[in-house]
Amino acid sequence: MRESLLPLLPLVVIAFGVSAIVVALATPWVRTFAHRVGAVQKGGNGHGDGRRRHVGKVPNVGGMAILAGFLIAVLFAAVLAPGPLGDDRSPLLAIVLGGVLMTMVGLLDDLWELPVSMRLAAQTVAAGILVVHGITIDFVTNYFVGGPFQAWTGEGNFVFFGATVSAIVTILWVVGFTNAFNFIDGADGLSSGVAAIGSFSLLAVAMQVDGRGQAVLLLAALAGASIGFLRHNAGPAKIFMGDAGSYLLGYTLAAASVLGALKVTAAVTVAAPVLILGLPVLNLTQVAVRRMRRGVSPTTAANDHLHDLLRERGRSERGTVWTLWGATLALGVLGMLLAETPPVLLWLTVATAVAAVLGASLLRWLEIRREEGAAGPTPPRAAEAPAAEPPDRAVAATPAVRPRR
């Protein structure tokens, strides 16, 4: 267990602060550019077996702003606080390279709807980059010691994988969670808030052991990018992150959990990070089961996600998002407890996550109030037809709810 967390604090503060500021400032520029080139998602039209329920044309390439902030933050922190990163930077570079690849694939999918097979192939390549650089899941805790399955798992406290099995398990985890996170991106601010809370929780776990500086850097930058984007993505959203953003966030969370959390503590290995990231996994599982029961492919878009189910039961859009944020935070606390996180670090993490998410949401709410106050009531003249609402006003009128794959 690390005796002092002080050496990591400059790394965390720089990465988080730079990432949040850059993304918050870059997102309006990306939004303006997206409107100019037509990179928008039109509301009300069908999508698979579901329907996009937002109103107006909303830019859906916010992932480019997230990537910019994430990369700049990693670079700044690596230059200004290099001490905790160690001499071998290849794992860090591998995850950054894979994240860039995933963002580009997601951007192409946002613009031209790539085939599922092409997306999965690219995701497998990105996960393979991790394997080649030694970022793998090498073992899991043996929960069957003394039980009926001990003959299969052995008598040790851990089950160690061979190189081939380790590579397969790592690829399945990274590709699976990337798509699971993409599935949760279906309500304003939901995925960016889930990413921020999950990043903070994994960050607390990774900070407990020496040699996890690279994972700490990635998770702090990811948390900052998520909060910076939430500033514009909280409901009603002015911009969506799209597959470019969800692929980047999902991939980096999965990869960083392997690098910094899966091997932190011998007592829990896989259990803590999987629990922390459990909401997207649970959503993907129930969606796949529901769709297969209907006899359709799990990749066919429909309004059957957790946020859709909550809304059908009478939850408001904002209430649905806050409920799922709360569930993510509860899972994060359980994961940190499993990882034997010191109480001070645990509660500091919870307080920081709550303050950051609330702060970003409050800034967005204040912006909405200012826009409504500036617009004022403008009834149309009797001889004129009502003017069409600009895209932002159209989005502000109705929260955006989007069925995902």
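Summary table
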item: Square roots of five times the Cα gyration tensor eigenvalues for the stretch 6-369, Å; result: 30, 24, 20
item: The stretch 174-255: proportion of alpha-carbon pairs further apart than 19 angstrom, %; result: 33 percent
item: Debye, to nearest 20: dipole size of the stretch 6-369, +1 on Lys, Arg Cβ, -1 on Asp, Glu Cβ; result: 1220 debye
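A short reminder: the numbers here are calculations on the coordinates, not readings from a lab. Keep in mind that what you see is a predicted model, and the values were worked out from it rather than measured. As a convention, Cβ positions derive from the backbone with ideal geometry for all residues, glycine included, and neighbour counts pool all protein chains shown.
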